[in-house]
Amino acid sequence: MSKSNVDSFNLMETIESALRICIPASAHEAFRFAANELKTTLSLVGHADCFITEGEAEAGGNSIVLRLSHPQGNDGDSEDLDEFEIRAENGNAVIVATSPRAVLFGAYRFLEEHAGISWPTPAYRHIPATPVSVPIIGRTTRKATFARRGLVLESSETTEYAMGMIDWSAKNGLNDLFFTFDLWERYQGELRPELAKRQLRLTLGGHNLGMFFPSGEHYTEHPEWFALQGEGERRIADQPCYSHEAGVGVMVDNVVRYVEREIRRGTVLATLSLWPNDNKHVCNCPACREAGFMSTYIGFLSRLRRSFASKGISVNVEHIAYNAQLEWSMLEEVPECSELDTLIACWGRDYKDSIASPNRPRDARFKKVTEKWADACGRFGTNLTVFEYYSDYWMLTSLFPPLLQTIAEDMAYYRSVGAKGVMSLILPYSKAVRIIREDIGSQPITEAIDGREMNSENVAMWLNLYVFSRMTWEGGEDADSITDRFCKLFYGKHASLCRGMLDRLSIALAGLSAYNTEFFKLRFMDTWLRMDSEEIENWDPSSDDGSVPRERAAECKRALEILDNGYGFANVPLTGGETEPDEQRNNAALLLSYYEFIVAKLKSILAQSLGQLSYMDNKRDEAASHWQEALRLENEINGWDREICREWLERAVSHDRE
């Protein structure tokens, strides 16, 4: 394609001369960031002498022009959908968009489609070994299908982890980052400028009500501000009394002061999403009982919203509908009216099925309540955002499944009911380990977490999020084609082999998420813990009826039949010769290691469960044999169950000696 053709643009042909990147005069910070990203990234594929200029380019080519479709219009903070167009014009490439943020999205898509550079995970940038030469002919338009698309970060052990999430989000078309208050307090100095230069929206919230309503300061003088339970008992660990005017006034005033402080610091806050305490113990005073929990909780946030308005604070306030501790009324109870946007979180899904096609009664109930809230938001004139768990290591555990088809079908369903937003929670592997081992299991973590079992975030979690991010935009791609592209980028010549592993992992593991509710508060892999009412206890053979280990054993056998040795992944060499990029070969080797880890962990859980059943039947030698096998496997993977397997093996052996 000749450069003289003014209706086309071929990036590779501009290598012969300097390439200009043109931005408007006095451009928004996100414009300048987009231009710098183009300049820096194109240098990786041989484009020397890229330079940035202000003002429009002239005809003749060798320019990438960044501009707004309506220069006096959308500043990026409206509810309009992000949209951009890439076209050839006067021999130049033009990226024109509805907002500076959408210009940045267009710049990254330009780099992906016309330079072959993309970012499948935060840790891996794909640069083609041979320069890509895909000319722009005519125009290509991309439009988001959800106004709000983002990630929710509940925990981060390093600033770099949170910053990497911001960077990856922009590069893959997400526009909203939700941080819990406590996380924001730790890292805001570093995160604020990273969000600003990408013009990404910030949401603050979570189960952090204690920041604004500290029980230690108020309970002694004002016990009536706290939940009434039983025979007149006020309990500070439960929900507040949202009907008490004075207590609610304290919460509102404290939140307003916090937001005013953030504004003075330069924080551009789009949404406040302040959730109730994470428990089902609502106040039972007469006023709260009569109104219902959702009405009183939403009433508190409505009062906060009005206080914001009176002070000229332009921050949206949303409420959550969430079945805390499996309390359905906190999810299903819809008020007669509301002025607030809704964030709906259906906790405890079976992720082998999409929400559109449920097979379990619980999931059918989730579908029904999602439609109920969607209808209510339509009546109220408010927005519905769906909160999902596609990247939650507590929900999905270290037996983390690819959820590729489920995510795609979910996105189509959420669009069909009119949802304006979709958010996916990232609860990192390290946080999930600390919850079950330290907080619940009282097991001191004396070694580095990364030295135990396997952190599979780069192997499995980011694939889920890659599919998630792409399915929030128009483009005609289905989950299969998106996954194939990810595999080609991430695994190179091993893409087909790795796709086979991912598909089998999905079939084998996705349904294990359902055990979050079957074993609540525990999960499928929490082999040595049991629930007694609301208390978590260590396994006691004298009180176990065997139903849980039998179910675990059956599930392990089912999954292993799908995953085990018959497919022969372990026999496939991953040495690809001198032309294969080392990173792609390493990525494939990591997936193979993950696959082998999953097989070993499932075999270990099977052996642990069979050992429990044998011990309960007083077959101690048989139990010892199973636990010896489990201990061997736990040693092989440096598993978290190694110590408890050794403890019960010693009990079984010592009993036989007696």
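Readers should treat all values here as calculations from the given coordinates under stated rules, not as data from a laboratory. Note that the structure is predicted; figures quoted are calculated from it, not measured. Positions of Cβ are generated from backbone atoms using ideal geometry, with glycine treated the same way; all protein chains shown enter the neighbour counts.
Taking the charge dipole of the chain about its Cα centre, with +1 at Lys and Arg Cβ atoms and -1 at Asp and Glu Cβ atoms, the residue from LEU183, VAL259, GLY230 reaching farthest to the positive side is VAL259. Could you state the number of Å between the C-alpha centres of segment 449-499 and segment 600-634? Taking the Cα centre of each part, segment 600-634 and segment 449-499 sit 34 Å apart.
When +1 charges are put on Lys and Arg Cβ atoms and -1 charges on Asp and Glu Cβ atoms, the dipole computed for segment 499-657 relative to its Cα centre reaches about 300 debye.
For the chain, the relative contact order comes to 10 percent (Cα pairs under 8 Å, sequence separation of at least 6).
Averaging the Cα positions of each part gives two centres, and for segment 250-274 and segment 215-236 these lie 26 Å apart. Note on ILE64, ILE137: ascending count of other Cβ atoms within 10 Å places them as ILE137, ILE64, the fewest first.
When both segment 385-431 and segment 104-182 are represented by their alpha-carbon centers, they are found 18 Å apart.
Projecting label points 7 angstrom from Cα along Cα→Cβ for ASP484 and GLU13 puts them 3.0 nm apart.
Its Cα centre serving as origin, segment 8-143 has a Cβ charge dipole (Lys and Arg +1, Asp and Glu -1) of approximately 300 debye.
Less than 15 Å from a label point 7 Å out along the Cα-to-Cβ axis of GLU224: which backbone N atoms in segment 249-263 qualify, by residue? So the set is 249-250. Measuring against 32 Å, Cα to Cα, the residue pairs LYS431/LYS493; LYS368/LYS603; LYS197/LYS431; LYS39/LYS420; LYS367/LYS488 contain LYS431/LYS493; LYS368/LYS603; LYS39/LYS420; LYS367/LYS488 as the ones spanning a longer distance.
Decide, for the chain, between rounded, prolate and oblate: order the square roots of the alpha carbon gyration tensor eigenvalues as a ≥ b ≥ c, take rounded if a/c falls under 1.5, and otherwise choose prolate if a/b is larger than b/c, else oblate. Because a/c hits 1.5 or more and a/b fails to exceed b/c, the chain counts as oblate. A Cβ-based charge dipole, computed about the Cα centre of the chain with Lys and Arg at +1 and Asp and Glu at -1, lands at about 1240 debye. Hydrophobic, long helices, defined as DSSP H runs whose alpha-carbon span along the helix axis is 27 Å or greater and whose mean Kyte-Doolittle value is at least -1.0, occur in the chain at 245-264, 582-616. Shape verdict for segment 330-377, please, from the Cα gyration tensor: rounded (a/c under 1.5), prolate (a/b greater than b/c) or oblate. Cα axes put segment 330-377 in the prolate bin. The ranking of ARG20, ARG148 by Cβ neighbour count inside 10 Å, starting from the fewest, reads ARG20, ARG148.
What FRET efficiency, computed as 1/(1 + (r/R0)^6) with R0 = 45 Å and r the Cβ-Cβ distance, is obtained for ASP540 and ALA291, rounded to the nearest 0.05? E between ASP540 and ALA291, to the nearest 0.05, is 0.60.
Here r is the Cβ-Cβ distance between LYS619 and THR53 and R0 is 60 Å; the resulting FRET efficiency, rounded to 0.05, is 0.15. Let a ≥ b ≥ c be the square roots of the eigenvalues of the Cα gyration tensor of segment 499-657; is it rounded (a/c under 1.5), or, if not, prolate (a/b larger than b/c) or oblate? Since a/c reaches 1.5 and a/b is larger than b/c, the shape of segment 499-657 is classed as prolate.
Each of HIS28, LEU427, ALA356 was scored by the projection of its Cα onto the charge dipole of the chain, and the greatest displacement toward the positive side belongs to HIS28; charges sit on the C-beta of Lys, Arg, Asp and Glu.
Its DSSP H runs of at least 4 residues, each contributing -39,500 (n - 2.57), put the calculated 222 nm mean residue ellipticity of the chain at -13500 deg cm²/dmol, to the nearest 500.
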